[in-house]
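**Q** There's a structure below that I have some questions on.
The values are calculated or read from the model by the stated rules, or taken from the named source; none is laboratory data. The shown structure was predicted, so the numbers you read here are calculated from the model rather than taken from an experiment. Counting neighbours? That spans all protein chains shown, and the Cβs are built from the backbone with ideal geometry, glycine included.
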Amino acid sequence: MRELLSHGIRYVRHVWTSFWFLPLVMSLAGGLAGYLSISVDETGWARQLADKKLVLAITVDGARSVISTVAGGIITMASLVFSLTFVALTLMSQQLGPRLIQIFVRDRFAQFTFGSFTGSFLFCLFVLAVTGTGKKGEFVPVFSTLLVIFVAIASFCMMILYINHVANSIQADTLIARLGRQLSAAIDELFVEARTGQGSKDEDENASDELKKVRQELQKSNLEIEAVTSGYVAAIDTEALVDILCKHDLRAATLVRPGHFVTRGLSLLKIDNKLTDKDFGAFCKEVQEAFNIESTRSLSEAGEFEVNALVEVALRALSPGINDSYTANACIDQLVSAISSLAEAPLKPRLVADADGRPRLLLYSQGFSHFINTSFHPIRHAARDNPLVLSRLLNACRVLLSLRDISDQDTKAVNQHLIALEETIESNVSTGEDRDHLLERLGDLEDAKNVK
(Lines give C-alpha, C1' and ligand atoms only; values in the text may rest on other atoms or scores of the structure.)
Protein backbone atom coordinates (compact mmCIF):
# COMPACT_ATOMS: atom_id res chain seq x y z
CA MET A 1 0.00 0.00 0.00
CA ARG A 2 2.85 2.38 0.86
CA GLU A 3 4.55 1.66 -2.47
CA LEU A 4 1.32 2.31 -4.38
CA LEU A 5 0.83 5.57 -2.49
CA SER A 6 4.44 6.60 -3.19
CA HIS A 7 4.04 5.94 -6.92
CA GLY A 8 0.75 7.82 -6.88
CA ILE A 9 2.34 10.86 -5.23
CA ARG A 10 5.17 10.88 -7.78
CA TYR A 11 2.67 10.64 -10.65
CA VAL A 12 0.54 13.48 -9.26
CA ARG A 13 3.67 15.62 -8.83
CA HIS A 14 4.70 14.84 -12.41
CA VAL A 15 1.27 15.79 -13.75
CA TRP A 16 1.10 18.94 -11.61
CA THR A 17 4.43 20.23 -12.96
CA SER A 18 3.78 19.22 -16.59
CA PHE A 19 3.19 21.89 -19.22
CA TRP A 20 -0.27 20.72 -20.29
CA PHE A 21 -2.04 20.36 -16.92
CA LEU A 22 -2.73 24.02 -16.06
CA PRO A 23 -3.77 24.99 -19.65
CA LEU A 24 -6.14 22.00 -19.71
CA VAL A 25 -7.74 23.01 -16.41
CA MET A 26 -8.09 26.62 -17.56
CA SER A 27 -9.61 25.50 -20.88
CA LEU A 28 -12.24 23.49 -19.04
CA ALA A 29 -12.82 26.45 -16.73
CA GLY A 30 -13.33 28.70 -19.78
CA GLY A 31 -15.97 26.37 -21.17
CA LEU A 32 -17.69 26.19 -17.78
CA ALA A 33 -17.60 29.99 -17.48
CA GLY A 34 -19.29 30.24 -20.89
CA TYR A 35 -22.06 27.91 -19.77
CA LEU A 36 -22.60 29.86 -16.53
CA SER A 37 -22.64 33.24 -18.27
CA ILE A 38 -25.26 31.95 -20.73
CA SER A 39 -27.34 30.78 -17.77
CA VAL A 40 -27.17 34.31 -16.34
CA ASP A 41 -28.31 35.76 -19.68
CA GLU A 42 -31.25 33.36 -19.82
CA THR A 43 -32.65 34.98 -16.67
CA GLY A 44 -33.16 38.20 -18.66
CA TRP A 45 -31.46 40.30 -16.01
CA ALA A 46 -28.82 41.78 -18.32
CA ARG A 47 -31.38 42.37 -21.09
CA GLN A 48 -33.54 44.42 -18.76
CA LEU A 49 -30.56 46.61 -17.88
CA ALA A 50 -29.87 47.08 -21.59
CA ASP A 51 -33.48 48.12 -22.23
CA LYS A 52 -33.12 50.72 -19.48
CA LYS A 53 -29.88 51.87 -21.15
CA LEU A 54 -27.91 51.08 -18.01
CA VAL A 55 -25.55 48.88 -20.02
CA LEU A 56 -24.55 48.77 -23.66
CA ALA A 57 -27.44 47.73 -25.92
CA ILE A 58 -26.36 44.92 -28.25
CA THR A 59 -28.17 43.44 -31.25
CA VAL A 60 -27.91 39.85 -32.46
CA ASP A 61 -25.74 40.76 -35.45
CA GLY A 62 -23.56 42.98 -33.29
CA ALA A 63 -23.10 40.26 -30.69
CA ARG A 64 -22.18 37.66 -33.33
CA SER A 65 -19.74 40.05 -34.97
CA VAL A 66 -18.04 40.96 -31.69
CA ILE A 67 -17.79 37.39 -30.42
CA SER A 68 -16.52 35.92 -33.70
CA THR A 69 -13.96 38.73 -34.06
CA VAL A 70 -12.69 38.24 -30.51
CA ALA A 71 -12.52 34.45 -30.92
CA GLY A 72 -10.52 34.79 -34.13
CA GLY A 73 -8.22 37.37 -32.57
CA ILE A 74 -7.57 35.24 -29.50
CA ILE A 75 -6.65 32.15 -31.51
CA THR A 76 -4.39 34.34 -33.67
CA MET A 77 -2.66 35.71 -30.57
CA ALA A 78 -2.29 32.17 -29.24
CA SER A 79 -0.60 31.02 -32.45
CA LEU A 80 1.66 34.09 -32.36
CA VAL A 81 2.64 33.37 -28.76
CA PHE A 82 3.37 29.72 -29.61
CA SER A 83 5.58 30.81 -32.50
CA LEU A 84 7.47 33.33 -30.38
CA THR A 85 7.92 30.74 -27.65
CA PHE A 86 9.45 28.15 -29.95
CA VAL A 87 11.78 30.74 -31.49
CA ALA A 88 12.87 31.82 -28.00
CA LEU A 89 13.39 28.21 -26.88
CA THR A 90 15.45 27.49 -30.00
CA LEU A 91 17.71 30.47 -29.40
CA MET A 92 18.00 29.68 -25.69
CA SER A 93 18.92 26.03 -26.29
CA GLN A 94 21.58 27.03 -28.81
CA GLN A 95 23.14 29.77 -26.69
CA LEU A 96 22.72 28.43 -23.15
CA GLY A 97 21.93 24.73 -23.51
CA PRO A 98 18.87 22.51 -24.03
CA ARG A 99 18.87 21.53 -20.35
CA LEU A 100 17.27 24.89 -19.50
CA ILE A 101 14.17 24.12 -21.56
CA GLN A 102 12.90 22.05 -18.61
CA ILE A 103 12.86 25.19 -16.48
CA PHE A 104 10.88 27.14 -19.07
CA VAL A 105 8.39 24.29 -19.58
CA ARG A 106 7.64 24.37 -15.84
CA ASP A 107 7.20 28.14 -15.85
CA ARG A 108 3.77 28.80 -14.33
CA PHE A 109 3.37 32.16 -16.04
CA ALA A 110 3.85 30.57 -19.47
CA GLN A 111 1.35 27.85 -18.60
CA PHE A 112 -1.13 30.42 -17.31
CA THR A 113 -0.80 32.47 -20.50
CA PHE A 114 -1.50 29.54 -22.79
CA GLY A 115 -4.35 28.43 -20.54
CA SER A 116 -5.90 31.90 -20.58
CA PHE A 117 -5.90 31.97 -24.39
CA THR A 118 -7.40 28.50 -24.81
CA GLY A 119 -9.93 29.11 -22.04
CA SER A 120 -10.96 32.45 -23.53
CA PHE A 121 -11.36 30.87 -26.97
CA LEU A 122 -13.64 28.13 -25.63
CA PHE A 123 -15.62 30.74 -23.69
CA CYS A 124 -16.23 32.67 -26.92
CA LEU A 125 -17.25 29.50 -28.77
CA PHE A 126 -19.83 28.61 -26.12
CA VAL A 127 -21.36 32.08 -26.24
CA LEU A 128 -21.27 32.26 -30.04
CA ALA A 129 -23.04 28.90 -30.35
CA VAL A 130 -26.22 30.17 -28.62
CA THR A 131 -26.27 33.75 -29.88
CA GLY A 132 -29.37 34.39 -32.00
CA THR A 133 -31.23 31.22 -31.06
CA GLY A 134 -33.61 30.80 -28.17
CA LYS A 135 -36.89 29.27 -27.05
CA LYS A 136 -38.66 32.64 -27.23
CA GLY A 137 -37.22 34.04 -30.45
CA GLU A 138 -33.93 35.80 -30.85
CA PHE A 139 -31.54 35.41 -27.93
CA VAL A 140 -28.96 38.13 -27.32
CA PRO A 141 -26.51 37.21 -24.51
CA VAL A 142 -25.82 40.77 -23.37
CA PHE A 143 -23.95 39.82 -20.23
CA SER A 144 -21.85 37.19 -22.03
CA THR A 145 -21.03 39.59 -24.87
CA LEU A 146 -19.81 42.20 -22.40
CA LEU A 147 -17.66 39.51 -20.77
CA VAL A 148 -16.24 38.64 -24.20
CA ILE A 149 -15.17 42.27 -24.63
CA PHE A 150 -13.43 42.23 -21.24
CA VAL A 151 -11.82 38.89 -22.16
CA ALA A 152 -10.45 40.45 -25.35
CA ILE A 153 -8.91 43.34 -23.39
CA ALA A 154 -7.44 40.95 -20.81
CA SER A 155 -6.02 38.66 -23.52
CA PHE A 156 -4.35 41.59 -25.25
CA CYS A 157 -2.76 42.70 -21.97
CA MET A 158 -1.72 39.10 -21.25
CA MET A 159 0.04 38.86 -24.61
CA ILE A 160 2.04 42.02 -23.90
CA LEU A 161 2.99 40.78 -20.43
CA TYR A 162 3.98 37.39 -21.81
CA ILE A 163 6.23 38.86 -24.49
CA ASN A 164 7.92 40.96 -21.80
CA HIS A 165 8.21 37.86 -19.58
CA VAL A 166 9.83 35.80 -22.35
CA ALA A 167 12.21 38.62 -23.27
CA ASN A 168 13.40 38.79 -19.66
CA SER A 169 13.40 35.03 -19.04
CA ILE A 170 15.73 34.10 -21.89
CA GLN A 171 18.40 36.58 -20.85
CA ALA A 172 21.52 34.82 -19.62
CA ASP A 173 21.80 36.78 -16.36
CA THR A 174 18.14 36.14 -15.49
CA LEU A 175 18.40 32.40 -16.13
CA ILE A 176 21.67 32.10 -14.23
CA ALA A 177 20.24 33.96 -11.24
CA ARG A 178 17.18 31.72 -11.31
CA LEU A 179 19.35 28.59 -11.39
CA GLY A 180 21.37 29.99 -8.50
CA ARG A 181 18.24 30.51 -6.40
CA GLN A 182 17.02 27.00 -7.18
CA LEU A 183 20.42 25.53 -6.28
CA SER A 184 20.49 27.40 -2.97
CA ALA A 185 16.95 26.24 -2.19
CA ALA A 186 17.85 22.63 -3.06
CA ILE A 187 20.93 22.75 -0.82
CA ASP A 188 18.92 24.29 2.02
CA GLU A 189 16.43 21.43 1.75
CA LEU A 190 19.10 18.77 1.34
CA PHE A 191 21.17 19.90 4.31
CA VAL A 192 18.46 21.12 6.65
CA GLU A 193 19.17 18.35 9.12
CA ALA A 194 22.88 19.16 9.14
CA ARG A 195 22.05 22.77 10.02
CA THR A 196 19.19 22.39 12.48
CA GLY A 197 19.43 18.82 13.71
CA GLN A 198 22.59 19.22 15.75
CA GLY A 199 22.17 18.49 19.40
CA SER A 200 24.54 18.86 22.31
CA LYS A 201 28.20 17.94 22.06
CA ASP A 202 27.66 14.63 23.90
CA GLU A 203 24.74 13.72 21.62
CA ASP A 204 26.81 14.47 18.52
CA GLU A 205 29.68 12.33 19.82
CA ASN A 206 27.34 9.42 20.60
CA ALA A 207 25.76 9.68 17.15
CA SER A 208 29.22 9.76 15.56
CA ASP A 209 30.29 6.64 17.49
CA GLU A 210 27.12 4.82 16.44
CA LEU A 211 27.68 5.89 12.85
CA LYS A 212 31.24 4.54 12.84
CA LYS A 213 30.08 1.26 14.35
CA VAL A 214 27.35 0.73 11.73
CA ARG A 215 29.70 1.71 8.91
CA GLN A 216 32.38 -0.76 10.05
CA GLU A 217 29.85 -3.59 10.26
CA LEU A 218 28.51 -2.86 6.78
CA GLN A 219 32.00 -2.65 5.29
CA LYS A 220 32.55 -6.29 6.26
CA SER A 221 29.46 -7.36 4.30
CA ASN A 222 29.38 -8.14 0.59
CA LEU A 223 25.61 -8.59 0.30
CA GLU A 224 24.29 -5.99 -2.15
CA ILE A 225 21.01 -5.30 -3.93
CA GLU A 226 21.40 -4.51 -7.62
CA ALA A 227 19.39 -2.28 -9.95
CA VAL A 228 17.15 -4.00 -12.49
CA THR A 229 17.03 -1.05 -14.87
CA SER A 230 19.31 1.75 -16.06
CA GLY A 231 18.63 5.44 -15.54
CA TYR A 232 18.96 8.36 -13.17
CA VAL A 233 18.01 8.01 -9.51
CA ALA A 234 15.25 10.59 -9.12
CA ALA A 235 14.30 9.83 -5.50
CA ILE A 236 14.76 7.30 -2.71
CA ASP A 237 11.83 6.42 -0.46
CA THR A 238 13.67 6.44 2.86
CA GLU A 239 10.62 5.62 4.98
CA ALA A 240 9.80 2.60 2.84
CA LEU A 241 13.39 1.35 3.07
CA VAL A 242 13.39 1.67 6.87
CA ASP A 243 10.11 -0.27 7.09
CA ILE A 244 11.49 -3.01 4.82
CA LEU A 245 14.69 -3.30 6.86
CA CYS A 246 12.73 -3.32 10.11
CA LYS A 247 10.47 -6.11 8.82
CA HIS A 248 13.49 -8.29 8.00
CA ASP A 249 15.54 -7.09 11.01
CA LEU A 250 18.40 -5.79 8.85
CA ARG A 251 20.67 -2.78 8.63
CA ALA A 252 21.79 -1.32 5.32
CA ALA A 253 23.61 1.52 3.59
CA THR A 254 22.65 3.19 0.33
CA LEU A 255 25.39 3.22 -2.31
CA VAL A 256 23.84 5.87 -4.58
CA ARG A 257 21.97 9.14 -4.12
CA PRO A 258 19.46 11.15 -6.18
CA GLY A 259 21.12 12.41 -9.35
CA HIS A 260 23.39 9.40 -9.88
CA PHE A 261 23.17 7.39 -13.08
CA VAL A 262 22.92 3.66 -12.47
CA THR A 263 23.22 0.82 -14.93
CA ARG A 264 21.46 -2.49 -14.73
CA GLY A 265 23.32 -4.67 -12.24
CA LEU A 266 24.88 -1.76 -10.34
CA SER A 267 24.60 -2.04 -6.55
CA LEU A 268 22.02 0.19 -4.88
CA LEU A 269 22.05 -1.04 -1.28
CA LYS A 270 24.35 -3.05 1.00
CA ILE A 271 22.86 -5.13 3.84
CA ASP A 272 24.53 -6.65 6.90
CA ASN A 273 22.95 -10.12 7.11
CA LYS A 274 22.07 -12.86 4.67
CA LEU A 275 18.47 -13.90 4.02
CA THR A 276 17.02 -17.16 2.78
CA ASP A 277 16.59 -17.47 -0.98
CA LYS A 278 12.82 -17.12 -0.67
CA ASP A 279 12.98 -14.03 1.52
CA PHE A 280 15.87 -12.52 -0.43
CA GLY A 281 13.91 -12.44 -3.71
CA ALA A 282 10.96 -10.63 -2.14
CA PHE A 283 13.33 -8.33 -0.23
CA CYS A 284 15.17 -7.35 -3.43
CA LYS A 285 11.92 -6.51 -5.20
CA GLU A 286 10.74 -4.32 -2.32
CA VAL A 287 14.07 -2.48 -2.13
CA GLN A 288 14.24 -1.90 -5.90
CA GLU A 289 10.75 -0.37 -5.86
CA ALA A 290 11.91 2.11 -3.19
CA PHE A 291 14.43 3.56 -5.69
CA ASN A 292 12.70 5.75 -8.27
CA ILE A 293 14.84 5.44 -11.42
CA GLU A 294 13.91 7.53 -14.47
CA SER A 295 15.32 7.67 -17.99
CA THR A 296 16.14 11.39 -17.88
CA ARG A 297 17.38 13.85 -15.31
CA SER A 298 14.74 15.84 -13.49
CA LEU A 299 14.56 18.99 -11.38
CA SER A 300 13.85 16.87 -8.30
CA GLU A 301 17.48 15.66 -8.06
CA ALA A 302 18.57 17.74 -5.08
CA GLY A 303 21.08 20.24 -6.45
CA GLU A 304 22.55 18.03 -9.18
CA PHE A 305 20.39 19.41 -11.98
CA GLU A 306 21.11 23.04 -11.13
CA VAL A 307 24.87 22.49 -10.78
CA ASN A 308 25.07 20.68 -14.11
CA ALA A 309 22.93 23.36 -15.77
CA LEU A 310 25.14 26.20 -14.48
CA VAL A 311 28.29 24.35 -15.56
CA GLU A 312 26.77 23.70 -18.99
CA VAL A 313 25.93 27.39 -19.43
CA ALA A 314 29.49 28.32 -18.44
CA LEU A 315 31.03 25.79 -20.84
CA ARG A 316 28.88 27.00 -23.73
CA ALA A 317 29.77 30.59 -22.91
CA LEU A 318 33.47 29.69 -23.07
CA SER A 319 33.17 27.85 -26.39
CA PRO A 320 35.00 29.48 -29.35
CA GLY A 321 31.71 30.18 -31.13
CA ILE A 322 30.34 32.30 -28.25
CA ASN A 323 33.35 33.36 -26.13
CA ASP A 324 31.33 35.16 -23.44
CA SER A 325 33.55 35.31 -20.36
CA TYR A 326 31.14 37.42 -18.31
CA THR A 327 28.39 34.81 -18.56
CA ALA A 328 30.85 32.17 -17.32
CA ASN A 329 31.82 34.47 -14.44
CA ALA A 330 28.16 34.88 -13.49
CA CYS A 331 27.82 31.09 -13.33
CA ILE A 332 30.89 30.86 -11.08
CA ASP A 333 29.44 33.50 -8.75
CA GLN A 334 26.17 31.59 -8.35
CA LEU A 335 28.00 28.30 -7.78
CA VAL A 336 30.22 29.83 -5.10
CA SER A 337 27.24 31.43 -3.39
CA ALA A 338 25.52 28.06 -3.07
CA ILE A 339 28.61 25.98 -2.29
CA SER A 340 29.69 28.33 0.50
CA SER A 341 26.62 27.29 2.49
CA LEU A 342 27.95 23.71 2.47
CA ALA A 343 31.21 24.83 4.03
CA GLU A 344 29.36 26.69 6.79
CA ALA A 345 27.03 23.74 7.48
CA PRO A 346 28.83 20.57 6.35
CA LEU A 347 26.80 17.54 5.44
CA LYS A 348 27.21 14.53 7.69
CA PRO A 349 26.16 10.99 6.77
CA ARG A 350 22.65 10.32 8.01
CA LEU A 351 21.83 7.30 10.11
CA VAL A 352 18.07 6.73 10.01
CA ALA A 353 16.49 4.81 12.88
CA ASP A 354 13.21 2.92 13.08
CA ALA A 355 10.29 3.69 15.39
CA ASP A 356 12.06 1.94 18.29
CA GLY A 357 15.19 4.06 17.89
CA ARG A 358 17.38 1.31 16.45
CA PRO A 359 19.63 2.42 13.54
CA ARG A 360 18.54 0.87 10.27
CA LEU A 361 19.71 2.86 7.24
CA LEU A 362 22.95 4.71 6.49
CA LEU A 363 22.34 7.22 3.70
CA TYR A 364 25.01 7.92 1.11
CA SER A 365 26.07 11.58 1.18
CA GLN A 366 28.10 13.97 -0.93
CA GLY A 367 28.97 17.40 0.29
CA PHE A 368 31.35 20.28 -0.30
CA SER A 369 34.09 18.36 -2.14
CA HIS A 370 31.66 16.74 -4.58
CA PHE A 371 29.98 20.00 -5.54
CA ILE A 372 33.19 22.02 -5.87
CA ASN A 373 34.83 19.32 -8.00
CA THR A 374 31.76 18.99 -10.22
CA SER A 375 31.67 22.76 -10.68
CA PHE A 376 35.28 23.94 -10.91
CA HIS A 377 37.10 21.21 -12.83
CA PRO A 378 35.12 21.50 -16.11
CA ILE A 379 35.14 25.30 -16.04
CA ARG A 380 38.89 25.43 -15.36
CA HIS A 381 39.58 23.11 -18.31
CA ALA A 382 37.39 25.20 -20.64
CA ALA A 383 38.94 28.49 -19.41
CA ARG A 384 42.56 27.30 -19.40
CA ASP A 385 43.68 30.18 -21.67
CA ASN A 386 41.15 32.78 -20.45
CA PRO A 387 42.74 35.08 -17.82
CA LEU A 388 39.42 36.74 -16.99
CA VAL A 389 37.69 33.50 -15.97
CA LEU A 390 40.81 32.10 -14.29
CA SER A 391 40.93 35.26 -12.20
CA ARG A 392 37.31 34.72 -11.17
CA LEU A 393 38.10 31.12 -10.18
CA LEU A 394 40.94 32.41 -8.00
CA ASN A 395 38.53 34.85 -6.41
CA ALA A 396 36.05 32.01 -5.83
CA CYS A 397 38.72 30.02 -3.98
CA ARG A 398 39.56 33.11 -1.93
CA VAL A 399 35.91 33.51 -0.93
CA LEU A 400 35.62 29.85 0.08
CA LEU A 401 38.85 29.89 2.10
CA SER A 402 37.78 33.04 3.93
CA LEU A 403 34.66 31.37 5.32
CA ARG A 404 34.81 31.29 9.09
CA ASP A 405 33.45 27.78 9.63
CA ILE A 406 35.17 25.95 6.78
CA SER A 407 36.54 22.57 7.87
CA ASP A 408 40.05 21.23 7.31
CA GLN A 409 38.72 18.69 4.81
CA ASP A 410 36.95 21.38 2.78
CA THR A 411 40.06 23.59 2.95
CA LYS A 412 42.07 20.71 1.50
CA ALA A 413 39.60 20.42 -1.40
CA VAL A 414 39.97 24.14 -2.19
CA ASN A 415 43.77 23.91 -1.97
CA GLN A 416 43.74 21.13 -4.54
CA HIS A 417 41.95 23.45 -6.93
CA LEU A 418 44.50 26.18 -6.24
CA ILE A 419 47.28 23.77 -7.19
CA ALA A 420 45.41 22.84 -10.38
CA LEU A 421 44.86 26.53 -11.16
CA GLU A 422 48.56 27.25 -10.74
CA GLU A 423 49.48 24.46 -13.16
CA THR A 424 46.86 25.68 -15.64
CA ILE A 425 48.08 29.28 -15.49
CA GLU A 426 51.73 28.35 -15.94
CA SER A 427 51.02 25.98 -18.84
CA ASN A 428 48.30 27.74 -20.84
CA VAL A 429 48.32 31.51 -20.27
CA SER A 430 50.62 32.69 -23.04
CA THR A 431 50.70 36.42 -22.31
CA GLY A 432 53.45 37.11 -19.81
CA GLU A 433 51.75 40.06 -18.14
CA ASP A 434 48.51 38.14 -17.58
CA ARG A 435 50.39 35.09 -16.33
CA ASP A 436 52.48 37.12 -13.89
CA HIS A 437 49.39 38.95 -12.61
CA LEU A 438 47.50 35.71 -11.98
CA LEU A 439 50.47 34.07 -10.29
CA GLU A 440 50.91 37.16 -8.13
CA ARG A 441 47.27 36.94 -7.04
CA LEU A 442 47.76 33.26 -6.34
CA GLY A 443 50.82 34.05 -4.22
CA ASP A 444 48.89 36.67 -2.25
CA LEU A 445 46.18 34.10 -1.65
CA GLU A 446 48.74 31.58 -0.38
CA ASP A 447 50.23 34.19 1.97
CA ALA A 448 46.80 35.12 3.34
CA LYS A 449 46.01 31.44 3.86
CA ASN A 450 49.23 30.88 5.81
CA VAL A 451 48.55 33.92 7.99
CA LYS A 452 45.08 32.62 8.73
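**Q** Does Ala154 satisfy the condition of being of a type in the set (A, V, I, L, M), part of a helix (DSSP H, G or I) and without any contact (Cβ under 8 Å) to a residue 60 or more places away in the chain?
**A** Yes, satisfied.
**Q** Only one residue in Val151, Val166 is assigned by TED's automatic domain parsing to the domain that holds Leu96, within 19 Å of the chain's Cα centre (by Cα) and modelled with pLDDT of 85 or more, so which one is that?
**A** The conditions single out Val166.
**Q** Among the residues of region 232-274, which ones are β-branched (Val, Ile, Thr) and within 31 Å of the chain's Cα centre (by Cα)?
**A** Within region 232-274, Val233, Ile236, Thr238, Val242, Ile244, Thr254, Val256, Val262, Thr263 meet the criteria.
**Q** Among the residues of region 286-306, are any outside the structural domain of Phe104 (by TED's automatic domain parsing), part of a helix (DSSP H, G or I), of a type in the set (S, T, N, Q) and under 25 Å from the mean Cα position of the chain (by Cα)?
**A** For region 286-306, residues outside the structural domain of Phe104 (by TED's automatic domain parsing), part of a helix (DSSP H, G or I), of a type in the set (S, T, N, Q) and under 25 Å from the mean Cα position of the chain (by Cα): present.
**Q** Let me ask something else about it. Out of the helices (runs of 4 or more DSSP H) lying entirely within region 1-81, which hold 1 or more residues that are in contact with a Ser or Thr (Cβ under 7 Å, 6 or more places away or on another chain) and modelled with pLDDT of 85 or more?
**A** Fully inside region 1-81 and qualifying: 21-42.
**Q** Something else: Criterion first (within 29 Å of the chain's Cα centre (by Cα), of a type outside the set (Gly, Ala, Ser) and either closer than 24 Å to Gly44 by Cα or surrounded by 17 or more Cβ atoms within 10 Å (Cβ to Cβ) (or both)) does Phe117 satisfy it?
**A** yes
**Q** Please verify whether region 240-250 includes one or more residues that are modelled with pLDDT of 70 or more, over 20 Å from Ala290 (Cα atoms) and loosely packed, with under 15 Cβ neighbours inside 10 Å.
**A** Taking every residue of region 240-250 in turn, none turns out to be modelled with pLDDT of 70 or more, over 20 Å from Ala290 (Cα atoms) and loosely packed, with under 15 Cβ neighbours inside 10 Å.
**Q** Among the listed residues Thr411, Thr374, Thr327, identify the single one that is modelled with pLDDT of 85 or more, within 30 Å of Ile271 (Cα to Cα) and in the same structural domain as Leu438 (by TED's automatic domain parsing).
**A** That would be Thr374, the only listed residue that is modelled with pLDDT of 85 or more, within 30 Å of Ile271 (Cα to Cα) and in the same structural domain as Leu438 (by TED's automatic domain parsing).
**Q** Only one of these is in the same structural domain as Ala317 (by TED's automatic domain parsing), more than 30 Å from Val352 (Cα to Cα), modelled with pLDDT of 90 or more and over 26 Å from the mean Cα position of the chain (by Cα): Leu438, Leu394, Leu445. Name it.
**A** Only one candidate qualifies: Leu394.
**Q** Might you let me know whether region 106-114 holds any residue that is at pLDDT below 80 and surrounded by fewer than 16 Cβ atoms within 10 Å (Cβ to Cβ)?
**A** no
**Q** If only one of Val214, Val262 is at pLDDT below 85, surrounded by 15 or more Cβ atoms within 10 Å (Cβ to Cβ) and of a type in the set (Val, Ile, Thr), which one is it?
**A** Val214
**Q** Quick one: in region 241-266, of everything that is in a strand (DSSP E or B) and not hydroxyl-bearing (Ser, Thr, Tyr), which residue is farthest from His370 (Cα to Cα)?
**A** Ala252
**Q** Something else about it: Out of all the residues in region 403-434, which are touching a residue at least 40 places away in the same chain (Cβ under 8 Å) and small (Gly, Ala, Ser)?
**A** Passing the criteria: Ser407, Ala413, Ala420, Ser427, Ser430.
**Q** Would you confirm whether or not region 242-250 contains a residue that is touching a Leu at 6+ places or on another chain (Cβ under 6 Å) and of a type outside the set (A, V, I, L, M, F, W, C)?
**A** no
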